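Notes for the one structure printed next.
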Amino acid sequence: MSAAGAATVDAPAQRIAVVTGTASGIGRSIAAELRGEGWRVAGIDLRESAECDLSLVADVTNAAAITDAVRRVEQRFGAVGGVVSAAGHYESTPVGDVTDEQWRRMLRVHLGGFLHLARATLPGMLARGSGAIVAITSELAVGGGGPGDAHYSAAKGALQGMMRSLAVEMAPRGVRVNAVAPGPTDTPLLAADSPWRAPDYLQTLPVGRLTRPEEVALCVAYLLDAGTFCVGETLNPNSGAVI
């Protein structure tokens, strides 16, 4: 565990956020955006995160590790008011070649990671009757899949369903749950030879380029702060891939 800024701060609960997947890509951009908006951000990743006030190394597939990480955040900063499940895993594999381990890993990272984070943070938010949770899903969960993406699309689609059910369950108790479903995003998770980077694919997008991680982060910040009327909603920053 490491932290940027050693002193404990007295901040209102709604300005303390826990974000997973903050070491790179979308998660890193979310952490940077939230800090710029005045949040204290605790990041959880398999590697240390540079953009966070508190960096915790843990595996989102390990429920006990995530529970312990959230307790450390609460001890350090106080009550958590914002939660973002951004840790992800992507690989393109033809469905006939998907191994049992690949299938299980997709589900453990996306579904398990969200479930573990929600279960660890919800008790505190429910006790106060306030809070907001955002799941990072995918364009492939709302607008159709692609070749080699069956196991990824299935995991993200299931995450969409979990988010909606949790939103219905939690809204009457003061906790809003929503999602952001990016299209192909210009991050290291998308390989240099990915078909989503090919010029012929980019030409099909109305804006002619990939989504930027900073744009995804803006959607997350909106759902945590300004979008107080959003419950079970999904924002779709996808460069016009799905309209």
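Values quoted throughout were computed directly from the atomic coordinates according to the rules given, and no laboratory measurement underlies them. Remember, predicted model here, so these are calculated numbers, not experimental data. Methodologically, a virtual Cβ is constructed for each residue, glycine included, from the backbone with ideal geometry; neighbour enumeration extends over all protein chains shown.
Full extension of the chain between Tyr222 and Val168 yields a length gain of 17.5 nm, computed as 0.36 nm times the residue separation minus the alpha carbon distance. With a Förster radius of 30 Å applied to the beta-carbon distance between Leu190 and Trp103, the computed FRET efficiency rounds to 0.90. Residue ranges 118-127, 26-35 sort as 26-35, 118-127 when ordered by packing (mean number of other C-beta atoms within 10 Å per residue, highest first). Over the chain, DSSP H runs of length four or greater, each weighted -39,500 (n - 2.57), average out per residue to a 222 nm ellipticity of -11500 deg cm²/dmol. Here the alpha carbons of the range 182-243 define both size measures, Rg and Dmax, at 13.2, 40 Å.
Between the residues Met125, Gly143, Pro195, the greatest Cα displacement towards the positive end of the dipole of the chain, with unit charges on the Cβ of Lys, Arg, Asp and Glu, is found for Met125.
Here the chain yields Rg over Rh of 0.96, to two decimals, using C-alpha coordinates and the Kirkwood radius. For the residues Val98, Val57, Val142, a GNM of the chain with alpha-carbon springs under 10 Å puts the largest fluctuation on Val98. Measuring nothing but how far apart in sequence close Cα pairs (under 8 Å, 6+ apart) lie, relative to its length, the chain scores a relative contact order of 19 percent.
With a simple spin-label model that places each label point 7 Å from the Cα along the Cα-to-Cβ direction, the separation between Glu214 and Ile243 comes to 2.5 nm. Report note on the peptides 167-175, 229-237, 17-25: ranked by the mean count of other C-beta atoms within 10 Å, highest first, their order is 17-25, 229-237, 167-175. In sequence order, the range 67-79 has phi-based couplings of 4, 5, 4, 5, 4, 5, 4, 4, 5, 7, 10, x, 5 Hz under the Karplus curve 6.51 cos²θ - 1.76 cosθ + 1.60, θ = phi - 60°, and Gly or Pro positions carry x.
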